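Peer 1: So that we are looking at the same thing, I have put the structure below in structure tokens.
The values are calculated or read from the model by the stated rules, or taken from the named source; none is laboratory data. Keep in mind the model is a prediction, meaning the values are calculated, not measured. Here the Cβ positions follow ideal geometry from the backbone for every residue, glycine too, while neighbour counts run over all protein chains shown.
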Amino acid sequence: MENPRSLTFSVEVLWDGRSGGQVNLVGHEPLKIDARPEFGGGGKDPCSDEIFFASIGGCLLTTFLYVRRKLKLPLIDLKVSVGGEVRLQGSEGYRVTSVEAMIRIKTLKEHEARAKECFELTRDFCHLTRLIERTVPVKLSAEVDCVSGTLPS
């Protein structure tokens, strides 16, 4: 199957009558959001900032998995951790001021170089990190854990 040249996305966010809402996604379960308690919210559901950082992690993960399939990297485990800072900038309000992501890759020892290549390609092709690095410092790093033997079945 050939990749499409462009994709279009559309979501709808409905107020819950309190301090949050529900994101309606076409073809998926709704996602609930809430404001943090510091901003008058209930904090029972993720806030928009958490969803933002989760989106970055999701993009890195799925980009890595796509590249991994193309390069035929045997993979034992994969974990993406993302964090960052949102800081009050005086009269400008809050701004995302940094993003850091760590991709932890577990593979067989003989595939270490290919795992690093997959990370480099992921860094080059993750469209969300490429978008935000125009305005926010983005630090991406990888940790490759290599094991001897064969892949678990």
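Peer 1: Can you find, within segment 118-153, the residue that is surrounded by the most Cβ atoms within 10 Å (Cβ to Cβ) among those that are β-branched (Val, Ile, Thr) and touching a Leu at 6+ places or on another chain (Cβ under 8 Å)?
Peer 2: THR122
Peer 1: Next question, about the same structure. So, in segment 5-45, of the ones that are in contact with a helix residue (DSSP H, G or I) (Cβ under 9 Å, 6 or more places away or on another chain) and not in a strand (DSSP E or B), which residue ends up farthest from VAL86 (Cα to Cα)?
Peer 2: SER19
Peer 1: Give segment 113-141 a look and list any residue that's hydroxyl-bearing (Ser, Thr, Tyr) and either outside the structural domain of ARG87 (by TED's automatic domain parsing) or over 16 Å from LEU75 (Cα atoms) (or both), or say none.
Peer 2: Of everything in segment 113-141, those that are hydroxyl-bearing (Ser, Thr, Tyr) and either outside the structural domain of ARG87 (by TED's automatic domain parsing) or over 16 Å from LEU75 (Cα atoms) (or both) turn out to be THR129, THR135, SER141.
So that you can scan it fast, the table gives a plain yes or no per residue for (1) touching a residue at least 40 places away in the same chain (Cβ under 8 Å); (2) surrounded by 14 or more Cβ atoms within 10 Å (Cβ to Cβ):
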{"residue": "ASP34", "(1), (2)": "no, yes"}
{"residue": "PRO37", "(1), (2)": "no, no"}
{"residue": "GLY41", "(1), (2)": "no, yes"}
{"residue": "ILE56", "(1), (2)": "yes, yes"}
{"residue": "THR63", "(1), (2)": "yes, yes"}
{"residue": "ARG69", "(1), (2)": "no, no"}
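Peer 1: Looking at (1) among the aliphatic types (A, V, I, L, M); (2) under 14 Å from the mean Cα position of the chain (by Cα); (3) over 30 Å from LYS32 (Cβ atoms), which one does LEU78 not meet, given that it meets all the others?
Peer 2: Going through the list (1) among the aliphatic types (A, V, I, L, M); (2) under 14 Å from the mean Cα position of the chain (by Cα); (3) over 30 Å from LYS32 (Cβ atoms), LEU78 breaks only (3).
Peer 1: For the condition over 22 Å from LEU7 (Cβ atoms) and crowded, with 16+ Cβ neighbours inside 10 Å, what is the one hit in THR107, THR97?
Peer 2: Result: THR107 is the single residue among THR107, THR97 that is over 22 Å from LEU7 (Cβ atoms) and crowded, with 16+ Cβ neighbours inside 10 Å.
Peer 1: Give LEU25, LEU14 a once-over and let me know the one that is surrounded by 12 or more Cβ atoms within 10 Å (Cβ to Cβ) and free of Cβ contacts under 8 Å to residues at least 24 places away in the same chain.
Peer 2: Matching residue, one of LEU25, LEU14: LEU25.
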